[in-house]
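Since the structure comes first, as structure tokens, the remarks are kept for the end.
The values are calculated or read from the model by the stated rules, or taken from the named source; none is laboratory data. The shown structure was predicted, so the numbers you read here are calculated from the model rather than taken from an experiment. For neighbour counting, all protein chains shown are included, and Cβ atoms are generated from backbone atoms with ideal geometry for every residue, glycine included. Just the protein is used for accessible areas: all its heavy atoms, side chains included, with ligands, DNA and RNA removed. Shrake-Rupley method; radii C 1.70, N 1.55, O 1.52, S 1.80 Å.
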Amino acid sequence: MFLICHLLKLLFGFLDSLSFAPYRKILTYRDKGKLLSQMNRHRKKMGLIPLGRVKLLDQIAYGHSKSMARRKHCDHWGIEKRNRITKTKLGISYIGENCFMYPSKRYGRRTAYRLLKGWLGSSGHRRNIENSRYKRTGIGIVQRGHYIYATQIFTS
């Protein structure tokens, strides 16, 4: 399989469009901390308490980002399952989710900044970021091919 993929990439240059292109985590724990720090600065300006990170929510968000990358589509498909897992494991009933898909060539070292700027530019995403009921969050971001897929989950 590897040899076939490699030959297709060399001959046709379209490995990224195939369903088995590799995933790559693009933000480390420290980078996600930068995104959360920038988000919490924004929340502080709004008079809101900072969000805390929860590892389980990071894992759930990462799983959804991988799912979006596999389907090459940004959506909330499967949110009921993610909500059920979150409610069962954390005992939380108030949950929100932000998703984003964008070309990776437009981003680089400033991915966290540009991601937050993009979310704040959307009224629905902004509402989640500025919701006073949310206290905790998880972030999952992957790159597949020429796109970055991001998910952020919010809980009370």
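Annotations for the structure displayed:
- In the range 132-153, the residue that is nearest to the chain's Cα centre (by Cα) out of those that are farther than 18 Å from Gly33 by Cβ and open to solvent by 30 Å² or more (accessible area, probe 1.4 Å) is Gln143.
- Within the range 52-63, no residue that is more than 10 Å from Ile153 (Cα to Cα) sits with its Cβ atom under 6 Å from a residue that is hydroxyl-bearing (Ser, Thr, Tyr) and at pLDDT below 90 at 6+ positions apart or across chains.
- Tyr102 vs. criteria aromatic (Phe, Trp, Tyr), modelled with pLDDT under 85, surrounded by 14 or more Cβ atoms within 10 Å (Cβ to Cβ) and touching a Lys or Arg at 6+ places or on another chain (Cβ under 6 Å): no
- Residue ID - modelled with the lowest pLDDT, chosen from residues in the range 112-148 that are in a helix (DSSP H, G or I) and in contact with a Phe, Trp or Tyr (Cβ under 8 Å, 6 or more places away or on another chain): Arg114
Residues checked against (1) at pLDDT 65 or above; (2) open to solvent by 60 Å² or more (accessible area, probe 1.4 Å); (3) farther than 19 Å from Tyr102 by Cα; (4) among the hydroxyl-bearing types (Ser, Thr, Tyr):
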residue	(1), (2), (3), (4)
Leu15	no, no, no, no
Tyr23	no, yes, no, yes
Ile26	no, no, no, no
Tyr29	no, yes, yes, yes
Arg41	yes, yes, yes, no
Ile49	yes, yes, yes, no
Ser67	yes, no, no, yes
Arg71	yes, yes, no, no
